[in-house]
Amino acid sequence: MKKHIILSLGLAVMLPALTGCDDYLDKDPSKSSSKTITEASQLDALLASYSSLYSEYNYSFIAGDDYGLTPHIEANRDGSTSIDDLNVFTWSPTESRTGRLLWDGEFAKIFRVNLVLNNIDNVNGGEAEKANLKAEAHFVRAYSLFQLAVCHCLYPSAENAGDLGLPLKATTSFEESVARASLGETFGFIEADILEALKISKRFVNGAGTSQSWRGTTASVRAFAARYYLYMGDLDKAKQYADEVLAEYSELKDFNDPAEMSYFPVNETYTINSGTDREEQIVCRFPYTKVQFYGTSGFPELLGWKELLYARTMYYASWWFIPSQALLDTYATDVKDGNPDNDLRYRYFVVEDFGLRYSKRTDEGRAPGFCQFYFDNIISGPTVAEMMLIKAEVEARKGTPANAIALLNTLRKARIATEAYTDLPTGSKEETVKRVLEERRREMPLTMRWYDIKRYAYNDDPTDDVTINRPFYKFTSSAVLLNDGIVNYTLEPKSRHYAMPIPEVDILRADGQLVQNTY
């Protein structure tokens, strides 16, 4: 059975993980045939293979309240939502899909960086180059483990420290255990990696004036540290690292600048209610990023997204990010006339009739979609905007609302239509915290919401706790029961269902070493 364990967390991830590197990796390593790693440049190629690192299938967004599947949408779409997605949507303890997921995708990246860490001290190269590669490898491993922990583990509070964490893979050995460490050990491991990563000296903007958002740099590592410590509730360290990032690099993408944001020239037109007196042509307009991630290899728009500090995206194979009404309502907050179109994040990324691609071509089939990079990727890596919002949240929670509002106003000038923009006024601490959290939700929809609602339940502010109620159909392992009425699914703060189940295929392959979450 050890062979099966290797397939789950070792050999099975090597082929996609190592694709696109130098010739020394053109042939897959095996116990009988391998290439000798002798140069730091070979290890650099592992970390420079951007196409193997950028995307994560982090389906936790389906469980959060930014995702807006409704009975109406389900009843009118062509076909049904996958049962795998519905299990996540209703916080079921079942995870039976076998496709490429966050679990094996992130462990593929961990295998890659462990190859770097296990060889870096024994290859030829300059000491500064090797030190930076080592720090970058620690960064990528910490990032991947953190993504896995936020999805598959409970929040790392003191009372949860002894609960199940993750397998802590530190080598490329076929014999290394895949047993889960405790939650406390897991987050201790992640933090230790962060501390090693913070030793990096590679600057975000290189000597040629080019930002290196696809690599580990001083700014990307500190941005991730700020994200990590905010999640952990260490506000002082979160602000410290956000400040350090903004001191190095603070460029915002101006959504009011047509050179930076525009619509893709080819839109999609749908005829609804065909042959009736209600026949209508519906035109869906897409932002200029639509063309990317489809038949391209350079990802120019993503890597050119000038406020992006580390280029990661959240991928969704079903291609329809359905925004909830609660999320959409936030775009009508704090804007002129309550018109969400005055918030350019809504104007460019919320395609109001996107659901017609997948639903009945009637009025009933009309539903919105969130579309950023093509239809299947949304930025999930840290940005300058996120650093400003982290800093603003800390300022608000620590009772300096004027400082928080000043940061929000700077960000909003780059997000709200110029003709509709007005400064937000300074209010009370409570009002300001609420405003900051709403701005976070608008700025980082879907990708960061699960992270946020998990941590809100464990801070000292009960007003930001979230209970999710979902009216939806019953369903079986093979079908949605559209004719059996609607039931209400509920997720309470601190529920054990905030730790999503590990894919069952990995549990079965691990021969008893890897155990499932308990509910």
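The values are calculated or read from the model by the stated rules, or taken from the named source; none is laboratory data. Predicted model only: the values in this text are computed from it and were never measured. For neighbour counting, all protein chains shown are included, and Cβ atoms are generated from backbone atoms with ideal geometry for every residue, glycine included. Heads up: the accessible areas ignore ligands, DNA and RNA and are worked out on the full protein's heavy atoms, side chains in. Shrake-Rupley method; radii C 1.70, N 1.55, O 1.52, S 1.80 Å.
Quick one: which of 215-225, 69-79, 503-513, 474-484 comes out on top by average Cβ neighbours within 10 Å, and what's the full order, highest first?
Working: 215-225: 26.4, 69-79: 15.3, 503-513: 17.2, 474-484: 12.1.
Answer by packing, highest mean first, reads 215-225, 503-513, 69-79, 474-484.
Return the sequence-ordered ³J(HN,Hα) values of the stretch 231-242 in whole Hz as given by the Karplus equation 6.51 cos²θ - 1.76 cosθ + 1.60 applied to θ = phi - 60°, using x for Gly and Pro.
4, 6, x, 8, 5, 5, 5, 4, 5, 4, 6, 4
Please work out the Kirkwood hydrodynamic radius for the stretch 428-519, using every pair of different C-alpha atoms, and report it in angstroms with one decimal place.
Values: mean 1/r = 0.0607 Å⁻¹.
Its Kirkwood hydrodynamic radius stands at 16.5 Å.
In nanometres, what is the gap between the two model label sites at GLU127 and SER428, each 7 Å from Cα along Cα-to-Cβ?
5.9 nm
Given H placed on each backbone N at 1.01 Å, which residues far from GLN372 in sequence or on other chains put an amide H within less than 5 Å of it?
ASN377
What number comes out for the charge environment of SER428, summing +1 per Lys or Arg and -1 per Asp or Glu over other residues with Cβ under 12 Å away? Don't skip to the end; give the middle numbers.
Numbers: positive: LYS429, LYS434, ARG435; negative: GLU430, GLU431.
Neighbourhood net charge equals +1.
Could you state the per residue volume, in Å³, of the convex hull enclosing the Cα atoms of the stretch 347-492? Numbers along the way, then the final one.
Working: hull volume 25.1 nm³, N = 146.
Hull volume normalised by residue count: 172 Å³.
Taking H as built 1.01 Å from N, whose amide H comes closer than 5 Å to the amide H of THR383, not counting residues under 5 places away?
LEU309
Could you check how much of the accessible area of the chain is carbon and sulfur, as a whole percent, using a 1.4 Å probe?
Working: 9910 of 20190 Å².
Carbon and sulfur: 49 percent of the exposed surface of the chain.
Of the listed peptides 353-361, 322-330, what is their order by residue-averaged count of other C-beta atoms within 10 Å, with the highest listed first?
353-361, 322-330
What does the helix-only formula give at 222 nm for the chain: each DSSP H stretch with n ≥ 4 adding -39500 (n - 2.57), the total divided by the residues, and the result rounded to the nearest 500 deg cm²/dmol?
Numbers: 18 runs with 198 residues, N = 519.
Computed mean residue ellipticity for the chain: -11500 deg cm²/dmol.
Taking θ as phi - 60°, what are the ³J(HN,Hα) couplings along the stretch 485-499 by the Karplus curve (6.51, -1.76, 1.60), each to the nearest whole Hz, with x for Gly and Pro?
Couplings: x, 9, 10, 9, 9, 10, 10, 8, x, 6, 4, 5, 6, 6, 9 Hz.
When every alpha-carbon pair in the chain is counted, what percent end up more than 38 Å apart? Walk me through the intermediate numbers first.
Details: 35817 of 134421 pairs.
Of all Cα-Cα pairs in the chain, 27 percent lie more than 38 Å apart.
Express in Å², to the nearest 10, the accessible area of THR422 obtained by rolling a 1.4 Å probe over the protein heavy atoms while all chains stay in place.
Taking all protein chains as shown, THR422 has close to 100 Å².
In percent, how large is the relative contact order of the chain, given Cα pairs closer than 8 Å and 6 or more residues apart?
Working: 930 pairs, mean separation 103.0, N = 519.
This gives 20 percent for the chain.
One-quarter of the Cα convex hull surface for the stretch 80-195, in nm²? It would help to have the intermediate numbers written out before the result.
On the way: hull surface 36.3 nm².
Over every viewing direction, the Cα hull of the stretch 80-195 projects on average to 9.1 nm².
So in the chain, what percent of DSSP beta bridges are antiparallel if you round to the nearest 5? Before the final figure, lay out the partial values.
On the way: 25 of 28 bridges.
For the chain, the DSSP antiparallel bridge percentage is about 90.
Using the reciprocal of the averaged 1/r over all distinct C-alpha pairs, how large is the Kirkwood radius of the stretch 55-110 in Å? Don't jump to the answer; show the numbers that get you there.
On the way: mean 1/r = 0.0790 Å⁻¹.
Value: 12.7 Å, from the Cα pair sum.
May I ask you to derive the FRET efficiency for GLU504 and ALA479 from their Cβ-Cβ distance with R0 = 22 Å, giving the value to the nearest 0.05? Don't skip to the end; give the middle numbers.
On the way: r = 20 Å, r/R0 = 0.90.
With R0 = 22 Å, the Cβ-Cβ based efficiency is 0.65.
If packing is taken as the average count of other Cβ atoms within 10 Å, what order do 395-407, 336-348 fall into, highest mean first? Don't skip to the end; give the middle numbers.
On the way: 395-407: 19.2, 336-348: 17.5.
By packing density, highest mean first, the sequence is 395-407, 336-348.
One quarter of the convex hull surface, Cα atoms only: what value does that give for the stretch 118-179 in nm²? Could the numbers behind the result be given before it?
Numbers: hull surface 22.4 nm².
Here the figure is 5.6 nm², rounded to one decimal.
For the chain, what is the accessible area per residue in Å², given a 1.4 Å probe and the full set of protein chains? Display every interim value, and only then the final one.
On the way: 20190 Å² over 519 residues.
Using a 1.4 Å probe on heavy atoms only, each residue of the chain averages 39 Å².
Take the Cα gyration tensor of the stretch 159-202, multiply each eigenvalue by 5, square-root it, and list the three semi-axes largest first, rounded to whole angstrom. Mind showing how you got there, number by number?
Values: eigenvalues 96, 60, 4 Å².
After diagonalising the Cα gyration tensor, the semi-axes are 22, 17, 4 Å.
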